[in-house]
Amino acid sequence: MLRMGEVNGVDHQAMQHMLTSGAIDWHGFGAQIAREADALLGGDKATLIIDESGFAKKGEASTGVARQWNGRLGKVDNCQVGVFANLCRDSMAS
C-alpha cells in the first residue's frame, strides 16, 4: 500500500482503508473485470486454464514456502505452490 499511495499521491492508510473497510461492491467489481478481460482476450473460442503445482523445498528461504499440500508428492510437506494461467484460443495456446 505504501508504494501504491506514493504513486497515486495519496496517504497509504487511506488506500488500505479503501481496500479493507470501504463500501466496495466486490461482486460487481469482479464482474466488470471479467467483462473487460473477455473483451480483450476472450471470445467464443477462448479458454483460460488455471493450474496450481507444488514444488518440494528443503529450506524456508523462498517466498511462500510452508508445510502445505503438495499434489506432486501426494502429501503435506514443506513446499512452494505456484499458480499458472494459460490462455487458449481455438487450437493455439498463448
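The values are calculated or read from the model by the stated rules, or taken from the named source; none is laboratory data. Worth saying up front: this structure is predicted, and the values here are computed from it rather than measured. Virtual Cβ from ideal backbone geometry, glycine too; neighbours counted across all protein chains shown. Areas reflect the complete protein model, heavy atoms only, side chains present, ligands, DNA and RNA absent. Shrake-Rupley method; radii C 1.70, N 1.55, O 1.52, S 1.80 Å.
What ³J(HN,Hα) values, in whole Hz, does the Karplus curve 6.51 cos²θ - 1.76 cosθ + 1.60 give for the range 40-50 when θ = phi - 60°, with x put for Gly and Pro?
Coupling constants for the range 40-50: 7, 10, x, x, 5, 10, 10, 9, 9, 9, 10 Hz.
Are there trypsin sites (Lys or Arg not before Pro) in the range 35-75 that DSSP puts in a loop and that have at most 15 other Cβ atoms within 10 Å, and which ones?
Lys45, Lys58, Arg72
Give me the extension gain from Phe84 to Ser53: residue separation times 0.36 nm, minus the current Cα-Cα distance, reported in nm with one decimal.
Length gained, Phe84 through Ser53: 10.4 nm.
Give me the percent of accessible area attributable to carbon and sulfur for the chain, probe 1.4 angstrom.
With neighbouring chains kept in place, the figure for the chain is 56 percent.
About its Cα centre, what dipole magnitude does the range 42-93 give when the only charges are +1 on Lys and Arg Cβ and -1 on Asp and Glu Cβ, stated in debye to the nearest 20?
220
Please compute the per residue accessible area over the chain with all protein chains in place, 1.4 Å probe, rounded to a whole number of Å². Mind showing how you got there, number by number?
On the way: 7530 Å² over 94 residues.
Result: 80 Å² per residue.
Using the basic label-point model (7 angstrom from Cα toward the beta carbon), what is the Arg72 to Ala23 distance in nanometres?
4.8
Let me understand the chain better: what is its radius of gyration from the alpha carbons, and its Dmax, in angstrom?
Spelled out, the Cα radius of gyration and Dmax of the chain are 18.9, 47 Å.
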